[in-house]
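This report concerns only the one structure given below.
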């Protein structure tokens, strides 16, 4: 007969309960300890954001291989997404060709400074050379919800402009009196003047490569497109409303065209009969030089003549870094924010430009600039100094 010791059974049960309790405590405590260790690890880790390079201020590019592309607008997402989507579409279009300049018109309330940051990020991540960049705030774009419209200049792998390019000044048409919503009649007149400048340069309408139109209203944008198509059937123009609440009814269309015959000199500044003549600008610059220097936008800050001169000095210094200068400018875009600032630019610019050879030019009032205290922006196309 077996004898059973009750005290031994009691000790066995106590040991079992104790072991179970220890296991329970360990299992319960382990996740908390792991969580504490993870939290400590997260606190000890400092995230480092990658810093991308700024776009170059200037680039020297070959004239005979330049092509031009206007990125279609989109209303998908907000500004950052639209910029990324537009750049991805541009790079798909470019393929192995190099993008050397982007001009971005931003509408809406998005932070314009994001455009440069995204351009730098996208091009760097794709291991592409950065383009020069101009960012301007417009009043509106021709699609509800669209916040950015970009146009690009590219370098093709083979020559596409063997005789050179014609850079055609903006053809300003205005109407006095109360502000008008419909601007298609003005657009038709501006496009006709642009066609006259192109014809004087020996350019066939089919050789027009880009038309950019700045308007006081986009209410009749489809009619504006039709008016431009009557002059340049192959062109899908860029349309931008310059200000949210413009003070004047206006249209100003500028263009770039492929020359049929090489000009007699590296640059010929043209003022054809029938178009306005001005001591301040030429109607067209016919470029046969092997290369030109593209400068991105240079901002002027504050509103005095000294501030304006400083902006021109900075742009001149930038061009000097590419073996050029403001005296060699053949086309200049100016984006002032008011009529007073436009007059300031006119007073100052020929302290730096060559008054005997005024460049082709477009000067239009716009809504804003990437800096809150920006007054106007300048961008230039210039000849290298080795070219007379």
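Just one of the numbered conditions (1) under 23 Å from the mean Cα position of the chain (by Cα); (2) surrounded by fewer than 16 Cβ atoms within 10 Å (Cβ to Cβ); (3) at negative phi is not true of residue 176: (1).
Results for (1) farther than 30 Å from residue 109 by Cβ; (2) in contact with a helix residue (DSSP H, G or I) (Cβ under 7 Å, 6 or more places away or on another chain); (3) outside the structural domain of residue 106 (by TED's automatic domain parsing), shown as yes or no for each residue.
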site	(1), (2), (3)
331	yes, no, yes
340	no, no, yes
348	yes, yes, yes
352	yes, yes, yes
355	yes, no, yes
369	no, no, yes
374	no, no, yes
383	yes, yes, yes
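Taking the listed residues 344, 294, 353, the one that is in a helix (DSSP H, G or I) and either surrounded by 15 or more Cβ atoms within 10 Å (Cβ to Cβ) or free of Cβ contacts under 8 Å to residues at least 12 places away in the same chain (or both) is 344, with no other qualifying. Across segment 319-329, what is the total count of residues that are surrounded by 23 or more Cβ atoms within 10 Å (Cβ to Cβ) and out of contact with any helix residue (DSSP H, G or I) (no Cβ under 7 Å at 6 or more places or on another chain)? Residues flagged as surrounded by 23 or more Cβ atoms within 10 Å (Cβ to Cβ) and out of contact with any helix residue (DSSP H, G or I) (no Cβ under 7 Å at 6 or more places or on another chain) within segment 319-329 amount to 3. Scanning segment 225-249 for residues that are more than 15 Å from residue 141 (Cα to Cα), in contact with a strand residue (DSSP E or B) (Cβ under 7 Å, 6 or more places away or on another chain) and crowded, with 22+ Cβ neighbours inside 10 Å gives 228, 232.
Take the conditions assigned to a helix (DSSP H, G or I) and more than 29 Å from residue 221 (Cβ to Cβ) and apply them to residue 277. Does it pass? Against the criterion (assigned to a helix (DSSP H, G or I) and more than 29 Å from residue 221 (Cβ to Cβ)), residue 277 does not qualify.
Summed over segment 76-110, residues that are farther than 18 Å from residue 136 by Cα, in contact with a helix residue (DSSP H, G or I) (Cβ under 8 Å, 6 or more places away or on another chain) and not in a helix (DSSP H, G or I) total 3.
The values are calculated or read from the model by the stated rules, or taken from the named source; none is laboratory data. Bear in mind the structure is a predicted one, so any value in this text is a computation, not a measurement. Virtual Cβ from ideal backbone geometry, glycine too; neighbours counted across all protein chains shown.
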